[in-house]
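One structure below.
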Amino acid sequence: MPFYEPTTKDMEFVLHDLLKVSELDIPGFNEMDRDFTGAVLEEAGKIARDVLAPLNPVGDHEGCKLENGSVRVPTGFEDAVNVLRDGGWTGFDCDPEYGGQGMPYTLSVAVGEMHSSANMALMMYPGLTHGAYAAIHAHGSDEQKAKYLPNLVSFKWGGTMNLTEPQCGTDLGLIRTKAEPQDDGTYKISGQKIWISAGEHGMAENIIHLVLAKIPGGPEGVKGISLFIVPKFHVNEDGSLGDRNEVSCGGLESKMGIHGNATCVMNYDGATGYLIGEKHKGLRAMFTMMNEARLGVGMQGLAQASVAYQNALAFAKDRIQGRAVTGVKEPEKAADSIIHFPDVRRMLMDQKSFVEGGRAFMLWAATMIDRSRRNDDADAEGLVSLLIPVVKGFLTDKGLDATISAQQVYGGSGFTTEWGAEQFVRDCRIALIYEGTNGIQALDLVGRKLATDNGKHVMAFFDLVKDFIKENGEDERMAEFITPLKAASKDLQAGGMYFMQNMGNPDDALSGAHDFMHLFGHVCLGLMWARMAKASFEALDAGAADTEFYESKLVTGRYYMTRKLPETAFLLKKVQTGGENVMGLSVANF
Ligand SMILES: Cc1cc2nc3c(=O)[nH]c(=O)nc-3n(C[C@H](O)[C@H](O)[C@H](O)COP(=O)(O)OP(=O)(O)OC[C@H]3O[C@@H](n4cnc5c(N)ncnc54)[C@H](O)[C@@H]3O)c2cc1C
């Protein structure tokens, strides 16, 4: 039976030793001392371990069932959602004006990682609701906010995001769902949306669908898309629920993973919808929350890697097979446990160094979102917008690799369903696809973000790396971290330069975009590992009691610097080959 053990200690290290959150000049952050975050993470961890994780295989095996137009979720899901609701976790970082707890986004990401590791499919119900909350909060009228937000914050009502249609996923300009204006100012919404996560279920009294649709006569393509609120049940003036709206679930998708989450076909048959924000500006409204939504999916990739690693590690300590080549390690047993074998160590170190480095990267990015939100800091907003495709693309690509590597540690047991390792692989897989495929993340990074504000934000990133190298260049102990970081950062700059010089032929630039995104990801994790090494030396110098923890950090960091970060040289070579060999074949010759 797979398990989840809260990663509180590592999160505390990242929040306090590395990021020093309580010292950051961001409103609300000075309250985030170790006692406070420790208490929050301990409570969140208990729910993850004791409530959510035991339901993860249940959700996988039972899946969701469509019965008489309503979706029955797996056994225990509703009770678990009630625990989240009653504990105020669904409104953790939401606006207190609407019943939220107003906690920093950074801390909500740490909590989210734990809960998502424990049960990704279940957490998507409140997750999508949070997306609907954020859209209405950012773009709704005061009346809409008062009407919908308190119940979304408390998860009395659920929420969904409806973009995709059979003929359009990446290219939303192809949307066909229609919104006909009515005399009373409402709209009649007609069309079909597919693959809508949490589209129908009975865990909430109402579901507030956010729907992208086109008002006839508007501009062609993405410029003619508007955003609407379409409640499952009409909401009366006094807030009570009225009749059912003309929206229904037409079917459930049979799919590879996240079986516990209902992936729905949603049919809109003249449903009453309410415009949010301005006409024809719906896509812009939907995408104001893009940084958080994409960071949330990067977090899912990391979360699956984290729980897969924990379980693989336990298996590797327990499974005995053969003897270590350097001599018997466990003479009392018939064979040594497989954790003594270098190839198994390689797999575990790959996972561990990715999970810990990725966690630091994700939480660092989250502090920038808090900074941009709470301080209205345009530079933080610019830098995090540059990094978001890397957070999403790299953490999910590498997160999937880590789940597969964890599965490999099990040998044949990893292929059977009994041990649960294969569920982590299957559940993780979707994170590379939704919220903009990873190919699109790479395109966004190279085609848009690098050049935003004349390259100001990428230069700011290079300055950050340069400053860190300069500040620590004299410290001999840091040399084994600084030297590889310097080399990798040079590769990244050379990759950026290649794009600047070759934008004339977009195929040259875009053929290397995915490799560049990975190059960027490695440099980010390299920077995080160098900073974590510094924080560990500082803690050891200050006489920290838990020396093993900090020394383990240094060992893991050295692994990343020597065995993962040098991949940047190969990635740069690929970027610099351009598009010729990628695009050389005619379609007919494939
Ligand atoms: C389980 C699940 C849950 C989902 N939940 C939701 C949800 O809640 N709400 C919602 O609205 N949608 C949801 N989706 C849809 C999801 O967001 C889309 O599948 C995704 O955006 C990709 O669209 P597509 O599948 O149509 O692929 P396509 O857009 O057809 O892309 C196919 C391939 O072509 C590539 N490609 C496309 N265009 C380009 C380009 N210009 N340049 C380079 N490569 C390109 C893509 O990267 C991809 O590899 C969900 C999907 C699944 C499977």
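The values are calculated or read from the model by the stated rules, or taken from the named source; none is laboratory data. As the structure is a prediction and not an experimental result, all values here were calculated from the model. When we count neighbours, we look across all protein chains shown, and the Cβ atoms used for this are built from the backbone with ideal geometry, even at glycine. Calculation scope for accessible area: heavy atoms of the full protein, side chains included, ligands and nucleic acids excluded. Shrake-Rupley method; radii C 1.70, N 1.55, O 1.52, S 1.80 Å.
Regarding Arg72, is this residue open to solvent by 20 Å² or more (accessible area, probe 1.4 Å) and touching a His at 6+ places or on another chain (Cβ under 9 Å)?
Against the criterion (open to solvent by 20 Å² or more (accessible area, probe 1.4 Å) and touching a His at 6+ places or on another chain (Cβ under 9 Å)), Arg72 qualifies.
Ala204 - would you say it is away from the ligand (no atom under 16 Å from the Cβ), under 26 Å from Pro54 (Cβ atoms) and among the aliphatic types (A, V, I, L, M)?
No.
Determine, yes or no, whether His280 is at pLDDT 95 or above, in contact with a helix residue (DSSP H, G or I) (Cβ under 6 Å, 6 or more places away or on another chain) and more than 16 Å from the ligand (Cβ to nearest atom).
The answer is yes for His280.
Looking at the stretch 294-320 only, could you name the residues that are open to solvent by less than 10 Å² (accessible area, probe 1.4 Å) and either modelled with pLDDT under 95 or touching a Leu at 6+ places or on another chain (Cβ under 7 Å) (or both)?
Across the stretch 294-320, the qualifying residues are Gly298, Gly301, Leu302, Ala312, Ala316.
Specify which of the listed residues (Arg284, Arg244) is free of Cβ contacts under 8 Å to residues at least 24 places away in the same chain, in contact with a Lys or Arg (Cβ under 9 Å, 6 or more places away or on another chain) and not hydroxyl-bearing (Ser, Thr, Tyr).
Just one listed residue meets the conditions, Arg244.
Assess whether Ile369 counts as being within 16 Å of the ligand (Cβ to nearest atom) and under 29 Å from Ala53 (Cβ atoms).
no
Quick test of your reading of the structure: Ala378 fulfils all but one of (1) more than 19 Å from the chain's Cα centre (by Cα); (2) closer than 18 Å to Leu313 by Cβ. Name the failing condition by number.
Exception for Ala378: condition (2).
Among the residues of the stretch 396-424, what is the count of those that are β-branched (Val, Ile, Thr) and within 15 Å of the ligand (Cβ to nearest atom)?
1
Working carefully through the options Ala334, Ala324, find the one that is assigned to a loop (DSSP other than H, G, I, E, B), more than 14 Å from the ligand (Cβ to nearest atom), of a type outside the set (Val, Ile, Thr) and buried (at least 16 other Cβ atoms within 10 Å of the Cβ).
Ala324
Among the strands (runs of 3 or more DSSP E) contained in the stretch 180-242, which hold 2 or more residues that are farther than 30 Å from Thr90 by Cα?
It comes to 187-197.
Of the residues in the stretch 261-270, how many are within 16 Å of the ligand (Cβ to nearest atom) and in a strand (DSSP E or B)?
Counting residues in the stretch 261-270 that are within 16 Å of the ligand (Cβ to nearest atom) and in a strand (DSSP E or B) gives 6.
If you take the residues in the stretch 428-439 that are within 13 Å of the chain's Cα centre (by Cα) and part of a helix (DSSP H, G or I), which one is farthest from the ligand (Cβ to nearest atom)?
Here the residue is Cys428.
Only one of Gly455, Gly439, Gly420 is over 23 Å from Leu363 (Cα atoms) and either free of Cβ contacts under 8 Å to residues at least 60 places away in the same chain or open to solvent by 50 Å² or more (accessible area, probe 1.4 Å) (or both); which?
After ruling out the rest, the residue left standing is Gly455.
Kindly indicate whether any position in the stretch 263-275 is buried (at least 16 other Cβ atoms within 10 Å of the Cβ), touching a helix residue (DSSP H, G or I) at 6+ places or on another chain (Cβ under 8 Å) and not small (Gly, Ala, Ser).
There is at least one residue in the stretch 263-275 that is buried (at least 16 other Cβ atoms within 10 Å of the Cβ), touching a helix residue (DSSP H, G or I) at 6+ places or on another chain (Cβ under 8 Å) and not small (Gly, Ala, Ser).
Please state which of the following conditions Asn291 fails to meet, knowing it meets all the rest: (1) more than 26 Å from the chain's Cα centre (by Cα); (2) surrounded by 16 or more Cβ atoms within 10 Å (Cβ to Cβ); (3) more than 16 Å from the ligand (Cβ to nearest atom).
The failed condition is (1).
Which numbered condition trips up Ile258, out of (1) in contact (Cβ under 8 Å) with a residue 24 or more places away in the chain; (2) not in a loop (DSSP other than H, G, I, E, B)?
Evaluating Ile258 over (1) in contact (Cβ under 8 Å) with a residue 24 or more places away in the chain; (2) not in a loop (DSSP other than H, G, I, E, B) leaves (2) as the failure.
Gly191 - would you say it is within 13 Å of the ligand (Cβ to nearest atom), out of contact with any Gly (no Cβ under 9 Å at 6 or more places or on another chain), on the phi > 0 side of the Ramachandran plot and at pLDDT 95 or above?
Taking the combined requirement at face value, the residue satisfies it.
Taking the stretch 151-179 on its own, how many of its residues are within 14 Å of the ligand (Cβ to nearest atom) and in a loop (DSSP other than H, G, I, E, B)?
The total comes to 10.
For Gly447, only one of the following conditions fails: (1) crowded, with 19+ Cβ neighbours inside 10 Å; (2) near the ligand (Cβ under 10 Å from one of its atoms); (3) not aromatic (Phe, Trp, Tyr). What is its number?
With respect to (1) crowded, with 19+ Cβ neighbours inside 10 Å; (2) near the ligand (Cβ under 10 Å from one of its atoms); (3) not aromatic (Phe, Trp, Tyr), Gly447 is out only on (1).
Have a look at Phe36, Phe3 and point out the one that is surrounded by fewer than 22 Cβ atoms within 10 Å (Cβ to Cβ) and out of contact with any helix residue (DSSP H, G or I) (no Cβ under 8 Å at 6 or more places or on another chain).
Just a single option satisfies the conditions, and that option is Phe36.
Of the numbered conditions (1) basic (Lys, Arg); (2) open to solvent by less than 60 Å² (accessible area, probe 1.4 Å); (3) modelled with pLDDT under 95, Lys214 satisfies every one except a single condition; which is it?
Condition not satisfied by Lys214: (3).
I'd like the full set of residues that are more than 16 Å from the ligand (Cβ to nearest atom) and open to solvent by 40 Å² or more (accessible area, probe 1.4 Å), limited to the stretch 127-144.
Answer for the stretch 127-144, where residues must be more than 16 Å from the ligand (Cβ to nearest atom) and open to solvent by 40 Å² or more (accessible area, probe 1.4 Å): His137, Ala138, His139, Ser141, Asp142, Glu143.
Hey, can you tell me all the residues within the stretch 101-154 that are among the small types (Gly, Ala, Ser) and under 14 Å from Gly45 (Cβ atoms)?
Selection gives Ala110, Gly112, Ser116, Ser117, Ala118.
Exactly one condition in (1) assigned to a strand (DSSP E or B); (2) open to solvent by less than 60 Å² (accessible area, probe 1.4 Å) is false for Leu66; which is it?
Only one criterion is unmet by Leu66, namely (2).
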